[in-house]
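Peer 1: Here it is, the structure, as structure tokens.
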Amino acid sequence: MEDCIFCKIAKGEFNTEFIYEDSEVVVFKDINPIAPVHLLVVPKKHYSSLNDDIEPMLLSKLLLTVKKVTKQLGIDEYRTVINTGETAGQSVFHIHLHIVSSEKLGPIC
Ligand code: DGP
């Protein structure tokens, strides 16, 4: 989607450092972290929110990416959040999962 900030980030338009990337998903640090670890899991394909008609495989992929990345980073304890809708705190209307942890990232980040 043309004016979507996360579409642009996912396309590499801002040279954002990706903690993880594959053909469907990117993971990068939140610009306003609320904890020592605050990452965003973002699909490359645009969906506004969880309320959209999203393929089940992609939903599954997003959660599997949370598991994969936290395991790679050695983070055992974390919170996963999806804000859906403005009154629930969603500010970027491209679906994303927050990974928030008080554990610290190791040297690879
Ligand atoms: P939400 O409020 O659930 O829609 O979360 C959106 C998050 O995205 C918010 O915590 C800040 C983050 N964010 C917004 N713009 C950017 C950006 O340009 N780069 C990065 N890394 N994060 C962003």
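Peer 1: For the chain, what is the mean residue ellipticity at 222 nm derived from helices alone (per DSSP H run of n ≥ 4: -39500 (n - 2.57); sum divided by total residues; nearest 500 deg cm²/dmol)? Provide the component values of the computation, followed by the final result.
Peer 2: Numbers: 2 runs with 24 residues, N = 109.
Calculated at 222 nm, the ellipticity per residue is -7000 deg cm²/dmol.
Peer 1: If amide H atoms are built 1.01 Å from N in the plane of the peptide, which residues on other chains or at least 5 residues away come under 5 Å of the amide H of Ile19?
Peer 2: The answer is Val27, Phe28, Lys29.
Peer 1: Further, regarding this structure: On the Cα set of the chain, report Rg and Dmax in Å, please.
Peer 2: According to the Cα coordinates of the chain, Rg and Dmax are 13.2, 38 Å.
Peer 1: Now for a different question. For the stretch 1-53, restrict the atom set to alpha-carbon positions and state the Rg and Dmax in Å.
Peer 2: 11.4, 33
Peer 1: Gain in length, Ala35 to Met1, computed as 0.36 nm per residue apart minus the alpha-carbon separation, to one decimal in nm? Before the final figure, lay out each step's value.
Peer 2: On the way: separation 34, 0.36 × 34 = 12.24 nm, distance 2.96 nm.
Difference between extended and current length: 9.3 nm.
Peer 1: With θ taken as phi - 60° and the coefficients 6.51, -1.76 and 1.60, list the Karplus ³J(HN,Hα) couplings across the stretch 5-21 in order, rounded to whole Hz; mark glycine and proline as x.
Peer 2: 4, 6, 4, 5, 4, 4, 7, x, 5, 10, 6, 5, 6, 8, 6, 8, 8
Peer 1: Moving on. Taking only Cα atoms, what is the 0 to 90° angle, nearest 10, from helix 56-73's long axis to the longest principal axis of the chain?
Peer 2: Its long axis makes an angle of about 20 degrees.
Peer 1: Hey, got the dipole for the chain? About the Cα centre, +1 on K and R Cβ, -1 on D and E Cβ, debye to the nearest 20?
Peer 2: Numbers: 11 positive and 15 negative charges, 65 e Å.
Dipole about the Cα centre, nearest 20: 320 debye.
Peer 1: Taking 7 Å along the Cα-to-C-beta vector as the label spot, tell me the Ala88-Lys67 distance in nanometres, rounded to one decimal.
Peer 2: 2.2
Peer 1: While we're on this one: Compute the FRET efficiency between Glu55 and Thr80 as 1/(1 + (r/R0)^6), taking r as their Cβ-Cβ distance and R0 = 22 Å, and round to the nearest 0.05. Walk me through the numbers before you get to the answer.
Peer 2: On the way: r = 19 Å, r/R0 = 0.89.
It comes out at approximately 0.70.
Peer 1: Still on this structure, I have one more. Length gain on complete extension for the stretch Phe18 to Lys44, per 0.36 nm per residue less the alpha carbon to alpha carbon distance?
Peer 2: Numbers: separation 26, 0.36 × 26 = 9.36 nm, distance 1.25 nm.
Stretched fully, the Phe18-Lys44 segment lengthens by 8.1 nm.
Bear in mind that the values in this text are calculations on the coordinates, not laboratory data. Every value quoted in this text rests on a predicted model; they were computed, and no experiment measured them. Positions of Cβ are backbone-derived with ideal geometry, glycine not excepted, and every protein chain shown enters the neighbour counts.
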